[in-house]
Amino acid sequence: MSPRVVAAVCAVIPALALTLGVALVDRLEPRILGLPFVLAWIVAWVLLTPAFMWVAYRSTRA
Amino acid sequence: MNAGVALGIVAVVVVATILLGLRGVRGVAMDPQEYIVGGRSIGALLLWLLLAGEIYTTFTFLGAAGWAYGKGAPAYYILCYGTIAYIISFFIAPPIHRIARERGYLTGPDFFADRYGSKALGALVALLGFVMLVPYVTLQLTGLQILLQLAGYGRLNALAAVALGFFAIALFTFVAGLRGAAWASVAKDGLVLLGVIFAGIVLPSQFFGSPAGALDAVIRDHPGWLVIAGPSSPSGITWVITTTVLTACGFFMWPQSMAAIYSARNEDALRRNAVFLPFYQVMLLLVFFAGFAALEILPGLKGSDADKSFMLVVQQHYPAWVLGVIASAGVLAALVPASGQLLAAASIVGKNVLADYGFARDAEAQTRATRFLVLIVALLAFGFWALAKTTLVGLLLIGYNGITQLFPGVVLGLAARRPHALAVGAGIVTGIIALVFFAVDQAQKGGGVVAHSVFAPVNTGLLALVLNVVVLAVLSVALRSSGAARSAPVRR
């Protein structure tokens, strides 16, 4: 895959998870570490986003 | 006595922060380039604080908690939009920076004026930015008023508190400049972090055993409060998603955010910041905990009073010095961003309206005009505060609806083949007219301009953005086929 495609995919995945994905997981149970499931989902993706964007960063620099 | 301790701590912290800001700019010659965009030499770490400045405003500190308190789960959107905004910035900030450096832009509207070859478009964008910054500054002013009143244990009346806040903001704006503000952010973010950890972890742990315990109590007493489309939740999932998209697009459109992009030392610093800034967002989770805990400890706050939620708990259950420290964090979170916003609002009108049209040509006249404009924005914000008693989130959304109308113009402005300035301008004007129409329509349906627009099923700002893009596209094609002159060819 070209670096541009890699970067685009790495950007689109967390962006979709934090928009449309939120609609799909808007539930209380199962609670994770006490958090409602939807909030745990959002927090997890906020923390995962830097990993995705790091891949995007490396691919566009190489 | 209590009021003296708490307000005393706030005063000491504010003065110390101003001194820190001044120390940061000591020995730096203050020409406009340095004052407005930090000489384009802000390194990765200071840049982090500048770019993240948005997150740690008084909105985060009070407004996000107030929303968790007053509306519940829809507040989660605040965690999502910043993260998506950083993803977008990974792609658009570096080229914006490169073009700005090559062409010597100082302000956000400079980008429009030069890329589309139209001084008038630059002036339009400047005026829009100016107007949309008013509710944003009002937000900070409202936050200051809440914090100072609480720290004064009700002894300080609202007007006196706002006047004091006003004075502090003006003072800070005159001394700091962009680099000074970045340095002041060091103190601000450190203290806010401390305050947020206290409010989001220590406070709920003392009342409920743990933050999760506070959530258990909310789930028991307010079923559905913690899911977005819950039975008691007033706004639907569609609104949350559309608002996330709108605010994410608008995040870097603010004049002060464009200035932060210009101020970077290089493109790589911007890219790396975009990668890691989402980590900063997680702090908002603690703010939600504080709001949910307050809902259980001190139920019954209505409307914009919800913004006081956890600060009232601190005031009633903790010693004055704790209140003083937390209030100081909040006061800095209002003061530092507010000064940046005042400066940005004043500088865009001073540069892209007055100077570009031949008024205030020399540097001295420009400085005078800019200071005068700072005062005007501050006065407008004051008037807005007095008239529209709305929640902090409501104020933020008014500003975002407007400023996001610049998004298509910025993104298309990066391309080699750009639409005609007329198409971009018409799109922006269409978006704004649509927003005014929606606002009037909602006001007539009752519930005020903000109350309803916040809970329409779809975010009205996004609807306006769609109309904006449609007009831009249609006009762009029409102008091209009619052979009207395109914008000046690009020099990359």
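The values are calculated or read from the model by the stated rules, or taken from the named source; none is laboratory data. Since the structure is predicted, the reported quantities are computational estimates derived from the model, not experimental observations. FYI the Cβ positions are ideal-geometry reconstructions off the backbone, even for glycines, and counts take in every protein chain you see.
Things worth noting here:
- Residue selected from the stretch B:220-229 under the condition over 31 Å from the mean Cα position of the chain (by Cα) and free of Cβ contacts under 8 Å to residues at least 60 places away in the same chain, by the criterion nearest to the other protein chains (Cβ to nearest Cβ): B:Pro223
- Residue in the stretch B:112-131 that is within 30 Å of B:Trp225 (Cα to Cα), buried (at least 24 other Cβ atoms within 10 Å of the Cβ) and touching a residue at least 24 places away in the same chain (Cβ under 8 Å) present: no
- Some residue of the stretch A:21-43 being free of Cβ contacts under 8 Å to residues at least 40 places away in the same chain, closer than 22 Å to B:Thr243 by Cα and in contact with a strand residue (DSSP E or B) (Cβ under 8 Å, 6 or more places away or on another chain): yes
- All positions within the stretch B:267-286 that are touching a Gly at 6+ places or on another chain (Cβ under 9 Å) and either of a type in the set (S, T, N, Q) or at pLDDT below 85 (or both): B:Tyr280, B:Gln281
- Residue identified as within 11 Å of chain A (Cβ to nearest Cβ) and more than 25 Å from the chain's Cα centre (by Cα) among B:Leu215, B:Leu285: B:Leu215
- The numbered conditions (1) within 14 Å of chain A (Cβ to nearest Cβ); (2) under 18 Å from the mean Cα position of the chain (by Cα); (3) farther than 26 Å from A:Ile42 by Cα; (4) not aliphatic (A, V, I, L, M) are all true for B:Asp268 except (2).
- Residue ID - nearest to B:Ile403 (Cα to Cα), chosen from residues in the stretch B:330-388 that are part of a helix (DSSP H, G or I) and of a type in the set (Phe, Trp, Tyr): B:Phe384
- Just so you know, in the stretch B:235-265 the residues that are under 18 Å from the mean Cα position of the chain (by Cα) and within 14 Å of chain A (Cβ to nearest Cβ) include one that is nearest to B:Ile348 (Cα to Cα), and it is B:Phe251.
- Those residues of the stretch B:440-461 which are surrounded by 20 or more Cβ atoms within 10 Å (Cβ to Cβ) and modelled with pLDDT of 65 or more, in sequence order: B:Gln442, B:Asn459, B:Thr460, B:Gly461
- Members of the stretch B:171-212 that are more than 14 Å from every other protein chain (Cβ to nearest Cβ) and touching a Phe, Trp or Tyr at 6+ places or on another chain (Cβ under 6 Å): B:Gly177, B:Asp189, B:Val192, B:Ala199
- Number of residues in the stretch A:36-56 that are over 15 Å from B:Cys80 (Cα atoms), facing chain B (nearest Cβ under 7 Å) and buried (at least 16 other Cβ atoms within 10 Å of the Cβ): the value is 3.
- Taken together, B:Ser304, B:Ser339 contain a single residue that is within 29 Å of B:Ser257 (Cα to Cα) and crowded, with 24+ Cβ neighbours inside 10 Å, which is B:Ser339.
For every residue, the table says whether it meets (1) in contact with a helix residue (DSSP H, G or I) (Cβ under 6 Å, 6 or more places away or on another chain); (2) over 18 Å from B:Ser263 (Cβ atoms); (3) part of a helix (DSSP H, G or I); (4) not hydrophobic (A, V, I, L, M, F, W, C).
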site	(1), (2), (3), (4)
B:Ala65	yes, yes, yes, no
B:Tyr69	yes, yes, yes, yes
B:Ile84	yes, yes, yes, no
B:Ile92	no, no, yes, no
B:Val125	yes, yes, yes, no
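- Single condition B:Pro95 does not satisfy, out of (1) in contact with a Leu (Cβ under 8 Å, 6 or more places away or on another chain); (2) surrounded by fewer than 24 Cβ atoms within 10 Å (Cβ to Cβ); (3) away from every other protein chain (no Cβ under 14 Å): (3)
- Any hit, the stretch B:477-488, residues being under 22 Å from the mean Cα position of the chain (by Cα) and either among the small types (Gly, Ala, Ser) or modelled with pLDDT of 90 or more (or both): no
- Matching residues in the stretch B:217-228 - criterion: being assigned to a helix (DSSP H, G or I) and either buried (at least 16 other Cβ atoms within 10 Å of the Cβ) or of a type in the set (Gly, Ala, Ser) (or both): B:Ala217, B:Val218, B:Ile219
- Test: residue in the stretch A:28-43 that is closer than 15 Å to B:Tyr86 by Cβ, outside any strand (DSSP E or B) and aliphatic (A, V, I, L, M): yes
- Every residue from the stretch B:98-111 that is among the small types (Gly, Ala, Ser) and either within 14 Å of chain A (Cβ to nearest Cβ) or under 20 Å from the mean Cα position of the chain (by Cα) (or both): B:Gly108
- Matching entry among A:Ala23, A:Ala8, A:Ala15 (being within 7 Å of chain B (Cβ to nearest Cβ) and either within 23 Å of B:Asp268 (Cβ to Cβ) or of a type in the set (Lys, Arg) (or both)): A:Ala15
- Helices (runs of 4 or more DSSP H) (entirely within the stretch B:232-294) containing at least 1 residues that are in contact (Cβ under 8 Å) with a residue 24 or more places away in the chain and touching a His at 6+ places or on another chain (Cβ under 7 Å): B:255-263, B:267-276
- Evaluation of B:Trp385 against (1) under 19 Å from the mean Cα position of the chain (by Cα); (2) closer than 20 Å to B:Trp254 by Cα (one fails), failing number: (2)
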